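This report refers to the structure that appears directly beneath it.
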Amino acid sequence: MAASKKAVLGPLVGAVDQGTSSTRFLVFNSKTAELLSHHQVEIKQEFPREGWVEQDPKEILHSVYECIEKTCEKLGQLNIDISNIKAIGVSNQRETTVVWDKITGEPLYNAVVWLDLRTQSTVESLSKRIPGNNNFVKSKTGLPLSTYFSAVKLRWLLDNVRKVQKAVEEKRALFGTIDSWLIWSLTGGVNGGVHCTDVTNASRTMLFNIHSLEWDKQLCEFFGIPMEILPNVRSSSEIYGLMKAGALEGVPISGCLGDQSAALVGQMCFQIGQAKNTFILKNWFIDCIILYLCYFNFKKKCSHCVFSDHGLLTTVAYKLGRDKPVYYALEGSVAIAGAVIRWLRDNLGIIKTSEEIEKLAKEVGTSYGCYFVPAFSGLYAPYWEPSARGIICGLTQFTNKCHIAFAALEAVCFQTREILDAMNRDCGIPLSHLQVDGGMTSNKILMQLQADILYIPVVKPSMPETTALGAAMAAGAAEGVGVWSLEPEDLSAVTMERFEPQINAEESEIRYSTWKKAVMKSMGWVTTQSPESGDPSIFCSLPLGFFIVSSMVMLIGARYISG
């Protein structure tokens, strides 16, 4: 998606997009938001044991340098002067945990990836120490105690890796999520590297008080984490330090956002009542992440955030400057929205690639009354029903694999609507339309189904790189850089593809109510509770373990907290 050879008007901004499966560096024109060039490097994942997922932090860092160098070479081939790059933003996979030695600069263990499940016993042990009537972890962090978040991964490293223990004892250890590791390394590492993170990544650790926007002493004591190893928490848009090596030496790093928060900014959702849904297909898992902007509260001190009555959790969405408002999000997950596609491939052999499901669904254009509830491991938000199991119902002798493929896509959309309904009940602000992005938005059948089932328009931008764009926007808008305006009147117009509902409201409601009927029939299949069949205590202690194969949904609220 490189630009043709031509003069580039206006300053440029780069963005590191470090994800679970790859690293990319992309360069945008700050005046037009045009993507000029990029380079991508795949990242290996290691699986030492069942449920363990690790990555090499040094490989991740080297991939960033490689992507920057290669992208700069491509810009040179396009006659674009890289001295026009005025800032760099960082977007990263959230929750992945790294501990390194600040004297040598060497990682003390592999990065423990967000979807790693080794900390289940740690979670179970810690959960017994939380009073039933005073869940201070959730009230301070907005998060349930889960293997998903960084605090328990760090606790495991402290308990099981002698090199980490020794470095902590000798005051040599530093902790961070991937953003912290990259920023520290890129700004000098052992020679004065900046040890920091932003509020979006800090809020995913279970150590961060989302009310005060600070590391919380009680939480650190509860998890047994020494506070001196934690990074300084900054806003998502400010100068953290300068690049100390490579083709872009001297360029400020001035934006930092967890990947889903970056996508929200990249979709330019800054107005009340806007929402976006990121459909990502990676390794056959679909994430459906909805962020919904609902209101501001300009209190000087916030005594509370938005907490859900419908099974959603609270997290920080972004804070675009030291003196800017902080936005909070309600986030929920539904039962295995994406694993159904993998199931169709591996278990039934109906498809070989994700593109094939669209082809099959298009052949029939309907499920012919077939409904697929992919509750393979129970139902999550808003039901939280561990006894449920997956079902396909409404079958007739006419039903074929095309109808099942269509029903599988519908299942993703029905689950998205269930979460949106929960959001509406929590905040009372209905959506006028849904903005979407991500790789799966190329599936036009899925996009049209989403519009029909929500019965509101679904709007897709022509520029798909919203995560990297959001990181670039935050970096370019930072105080001291100022090359990217986030004022609504200055934001570049983005070409959109719009999917309008093509069925009437009555049909939409009938299909949704039939889905609800199918969901009810999926419940109660497991009648004896055990760890293998869905023990409720384990189900509740792991409300986010299913993120590996689940949909995620977010609802944005806004709060302003003075610095």
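Just a few scattered comments:
- Karplus-derived HN-Hα couplings along segment 140-154 (A = 6.51, B = -1.76, C = 1.60, θ = phi - 60°), whole Hz, x at Gly and Pro: 8, 9, x, 10, x, 5, 7, 5, 5, 8, 6, 4, 6, 5, 5
- Counting only Cβ charges, +1 for Lys and Arg and -1 for Asp and Glu, the dipole size of segment 132-255 around its Cα centre is about 320 debye.
- Cα shape, segment 158-260, gyration tensor, a/c 1.5 rule: oblate
- Protection proxy ranking of 225-234, 13-22 - average other beta-carbon atoms within 10 Å, highest first: 13-22, 225-234
- Each of Thr527, Thr416 has its accessible area taken with a 1.4 Å probe; listed largest first, they run Thr527, Thr416.
- Listed residue pairs exceeding 25 Å between alpha carbons, taken from Lys171/Lys324; Lys58/Lys324; Lys86/Lys319: Lys171/Lys324; Lys58/Lys324
- From most to least packed by mean Cβ count within 10 Å, the peptides 474-482, 195-203 give 195-203, 474-482.
- Remark: accessible surface ordering of His62, His38 (largest first) is His62, His38, probe radius 1.4 Å.
- By the rule of a C-alpha distance below 19 Å, with chain neighbours fewer than 8 residues away ignored, the aspartates and glutamates paired with Lys102 are Asp56, Glu59, Glu169, Glu170, Asp179, Glu228.
- Residues with amide H under 5 Å from that of Asn209, placed H, sequence gap 5 or more: Glu214, Trp215, Asp216
- Protection proxy ranking for 164-172, 403-411, using the average of other Cβ atoms within 10 Å per residue and placing the highest first: 403-411, 164-172.
- Eligible aspartates and glutamates near Lys163 by straight Cα distance, threshold 14 Å, same-chain separation 8 or greater: Asp101, Glu106
The values are calculated or read from the model by the stated rules, or taken from the named source; none is laboratory data. Everything numeric in this text was worked out from a predicted model, so none of it was measured. Virtual Cβ from ideal backbone geometry, glycine too; neighbours counted across all protein chains shown. For the accessible areas, the whole protein counts, side chains as well, though only heavy atoms, and no ligand, DNA or RNA atoms are used. Shrake-Rupley method; radii C 1.70, N 1.55, O 1.52, S 1.80 Å.
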